[in-house]
1. Taking the conditions exactly as written (among the small types (Gly, Ala, Ser), open to solvent by less than 50 Å² (accessible area, probe 1.4 Å) and at pLDDT 95 or above), does residue 117 satisfy them or not?
2. Looking for whichever is closer than 19 Å to residue 27 by Cβ, part of a strand (DSSP E or B), open to solvent by 50 Å² or more (accessible area, probe 1.4 Å) and of a type in the set (A, V, I, L, M, F, W, C) here; the options are 57, 134. Which one fits?
3. Which one is farthest from residue 83 (Cα to Cα), of the residues in the stretch 120-131 that are open to solvent by less than 70 Å² (accessible area, probe 1.4 Å) and touching a Lys or Arg at 6+ places or on another chain (Cβ under 7 Å)?
4. What number of residues within the stretch 44-54 are surrounded by 19 or more Cβ atoms within 10 Å (Cβ to Cβ) and among the β-branched types (Val, Ile, Thr)?
5. Within the stretch 9-54, work out how many residues are modelled with pLDDT of 80 or more and part of a loop (DSSP other than H, G, I, E, B).
6. Is it true that some residue in the stretch 88-108 is exposed (fewer than 15 other Cβ atoms within 10 Å of the Cβ) and touching a helix residue (DSSP H, G or I) at 6+ places or on another chain (Cβ under 6 Å)?
7. Restricting attention to the stretch 14-30, does a residue exist that is of a type in the set (Gly, Ala, Ser) and touching a residue at least 24 places away in the same chain (Cβ under 8 Å)?
8. Out of everything in the stretch 137-148 that is closer than 15 Å to residue 52 by Cα and assigned to a loop (DSSP other than H, G, I, E, B), what residue ends up being modelled with the lowest pLDDT?
Amino acid sequence: MINWKFNPNDYNPDRFELVPPGKYRVRIEEAEEQTSKSGYQMIKMVLKVSGYNSRVWYHMVFMSDTPDRMRITNDNLGRIFDSFNIPQGNFNLQDWKGKVGAADIKNEPDNKGSMRATVNYFIQRSKQDDLPAWQEHKGSMNEDNIPF
């Protein structure tokens, strides 16, 4: 049995807002190795969006069963390495944490029909100059859940 006294005053339904479609700077908050539902190796990335208190998840799946899928995998990896200025071939995921890149964000329904923000594609580093500098959200928390 869970031993918790719920305080409804702490609940804020607007705390995490849906990020509108567009181009944003994004920061890698977490990157960890996992296995996809199909059995492929993958990297699950949790991204923070500049100016928002929302997170976006991205799954970099390593598809190696056909030459075409291998090319797609390498293309997607190359976009990540380029966008976040990660040395090509660096799979030390601790080095990825905190890196800032950019992504085109789109909204699409999740499996429950609710809208969610997702990464459409990562933006090349050479095409990020027109984006505003990274901005923390006013209500952001540090890793100890203490407001900035």
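The values are calculated or read from the model by the stated rules, or taken from the named source; none is laboratory data. Please read all numbers here as calculations on a predicted model, not as lab measurements. For neighbour counting, all protein chains shown are included, and Cβ atoms are generated from backbone atoms with ideal geometry for every residue, glycine included. The protein model used for the area step is the full one, side chains on, heavy atoms only, and it has no ligands, DNA or RNA in it. Shrake-Rupley method; radii C 1.70, N 1.55, O 1.52, S 1.80 Å.
1. On the way: among the small types (Gly, Ala, Ser): yes; open to solvent by less than 50 Å² (accessible area, probe 1.4 Å): yes; at pLDDT 95 or above: no.
Against the criterion (among the small types (Gly, Ala, Ser), open to solvent by less than 50 Å² (accessible area, probe 1.4 Å) and at pLDDT 95 or above), residue 117 does not qualify.
2. Working: 134 fails: part of a strand (DSSP E or B).
The unique qualifying residue is 57.
3. So the first thing to find is which residues in the stretch 120-131 are open to solvent by less than 70 Å² (accessible area, probe 1.4 Å), and the list is 122-123, 128, 131.
Filter once more, keeping what is touching a Lys or Arg at 6+ places or on another chain (Cβ under 7 Å): 122-123, 131.
Details: 122: 6, 123: 6, 131: 13 Å.
Once the filter is applied, the top-ranked residue is 131.
4. 1
5. Count: 14.
6. Yes, the stretch 88-108 contains a residue that is exposed (fewer than 15 other Cβ atoms within 10 Å of the Cβ) and touching a helix residue (DSSP H, G or I) at 6+ places or on another chain (Cβ under 6 Å).
7. Quick first cut of the stretch 14-30, residues of a type in the set (Gly, Ala, Ser) only: 22.
Those still in the list that are touching a residue at least 24 places away in the same chain (Cβ under 8 Å) too: 22.
For the stretch 14-30, residues of a type in the set (Gly, Ala, Ser) and touching a residue at least 24 places away in the same chain (Cβ under 8 Å): present.
8. So the first thing to find is which residues in the stretch 137-148 are closer than 15 Å to residue 52 by Cα, and the list is 137-142, 147-148.
Remaining after also requiring assigned to a loop (DSSP other than H, G, I, E, B): 137-140, 142, 148.
Values: 137: 83, 138: 77, 139: 63, 140: 52, 142: 48, 148: 39.
Taking the candidates together, the pick is 148.
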